[in-house]
1. Take residue 97 and decide whether it is touching a strand residue (DSSP E or B) at 6+ places or on another chain (Cβ under 9 Å) and either surrounded by fewer than 16 Cβ atoms within 10 Å (Cβ to Cβ) or part of a helix (DSSP H, G or I) (or both).
2. May I ask you to list pairs of residues, at least six apart or on different chains, whose Cβ atoms are under 9 Å apart, with the first in the stretch 101-117 being under 14 Å from residue 17 (Cα atoms) and the second being in a loop (DSSP other than H, G, I, E, B) and open to solvent by 30 Å² or more (accessible area, probe 1.4 Å)?
3. Can you tell me which of (1) surrounded by 14 or more Cβ atoms within 10 Å (Cβ to Cβ); (2) farther than 19 Å from residue 118 by Cα is the one residue 86 doesn't meet?
4. Which of the residues belonging to the stretch 41-56 are within 18 Å of residue 69 (Cβ to Cβ) and touching a helix residue (DSSP H, G or I) at 6+ places or on another chain (Cβ under 9 Å)?
5. Within the stretch 59-68, is even one residue crowded, with 21+ Cβ neighbours inside 10 Å, over 30 Å from residue 144 (Cβ atoms) and under 14 Å from the mean Cα position of the chain (by Cα)?
6. What number of residues within the stretch 128-147 satisfy the criterion of being part of a helix (DSSP H, G or I), open to solvent by 50 Å² or more (accessible area, probe 1.4 Å) and among the small types (Gly, Ala, Ser)?
7. In the stretch 8-50, how many are open to solvent by less than 20 Å² (accessible area, probe 1.4 Å) and not hydrophobic (A, V, I, L, M, F, W, C)?
8. Can you name the residue in the stretch 73-83 that is open to solvent by 20 Å² or more (accessible area, probe 1.4 Å) and in contact (Cβ under 8 Å) with a residue 24 or more places away in the chain and, of all such residues, is farthest from residue 41 (Cα to Cα)?
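The values are calculated or read from the model by the stated rules, or taken from the named source; none is laboratory data. Quantities reported herein were computed from a predicted structural model and do not represent experimental measurements. Ideal geometry is used to build each Cβ from the backbone, glycine not excepted, and the neighbour counts take in all protein chains shown. Only protein heavy atoms, including side chains, enter the accessible area calculation; ligands, DNA and RNA are left aside. Shrake-Rupley method; radii C 1.70, N 1.55, O 1.52, S 1.80 Å.
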Amino acid sequence: MKMRIAFVEDCGDELHETVAAVDEFFGKLNMTPEKQTFVSAQKFLEACHSDPFDIVFMDIYLEKESGMEAAKELSILNLPTEIIFVSSSTDFLLEGYSVHPAGYVLKPTEEHKGLLNDALKYALQKLTAAHKTIALSLPDGPADVVYSDILWIESYMRSVTLYLKNGDKL
């Protein structure tokens, strides 16, 4: 599975520290995710439209923007991106839950590596669950359907119909 991670952080030292902790976490899993950094939340949101990220580490206190507002915009877009807040303050801890983040890690991340690792484990669990499939035997041949693409299932007289998000019926 290709993993894309974004870091939205406007302080170079703090960015380096977070990236190093993330690299250490994924190194233990023998994974090398694609990483991209942004100093602007707006640039990050623009990049999400063409190719969404799996995980974003979002600083809340950005120089000209609010990482919390950017996370709310990302949530409205309904993209399959797990948000992990990284902040020097707990001021937005409760508000952060409105966007259902995978975690809230305090800076410096080196001192809170356990929180960061827990947030990454949780994000990976959610991402893995979102990619699980069910194998179906259809009249046209076998097909794998991602669980999260199923809206509902109907059963009538020993016949089952799956209704998918894209409008298809199987």
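1. Numbers: touching a strand residue (DSSP E or B) at 6+ places or on another chain (Cβ under 9 Å): yes; either surrounded by fewer than 16 Cβ atoms within 10 Å (Cβ to Cβ) or part of a helix (DSSP H, G or I) (or both): yes.
So residue 97 passes the test.
2. Once the first residue is under 14 Å from residue 17 (Cα atoms) and sits in the stretch 101-117, its partners that are in a loop (DSSP other than H, G, I, E, B) and open to solvent by 30 Å² or more (accessible area, probe 1.4 Å) give 105/112; 106/88; 106/90; 106/112; 107/11; 107/88; 108/88.
3. The failed condition is (2).
4. Taking the stretch 41-56 as the starting set, the residues that turn out to be within 18 Å of residue 69 (Cβ to Cβ) are 41-49, 53, 56.
Answer for the stretch 41-56, where residues must be within 18 Å of residue 69 (Cβ to Cβ) and touching a helix residue (DSSP H, G or I) at 6+ places or on another chain (Cβ under 9 Å): 41, 42, 44, 45, 48, 49, 53, 56.
5. No; the residues of the stretch 59-68 include none that is crowded, with 21+ Cβ neighbours inside 10 Å, over 30 Å from residue 144 (Cβ atoms) and under 14 Å from the mean Cα position of the chain (by Cα).
6. Of all residues in the stretch 128-147, those part of a helix (DSSP H, G or I) come to 128-130, 147.
Subset that is open to solvent by 50 Å² or more (accessible area, probe 1.4 Å): 128-129, 147.
Narrowing the set further to residues that are among the small types (Gly, Ala, Ser) leaves 129.
So the count comes out to 1.
7. 3
8. First, pick out the residues of the stretch 73-83 that are open to solvent by 20 Å² or more (accessible area, probe 1.4 Å): 73, 75-80, 82.
Right, trim to in contact (Cβ under 8 Å) with a residue 24 or more places away in the chain and you get 73, 75, 77, 79-80, 82.
Details: 73: 10, 75: 13, 77: 14, 79: 15, 80: 17, 82: 15 Å.
Among those residues, the one meeting the criterion is 80.
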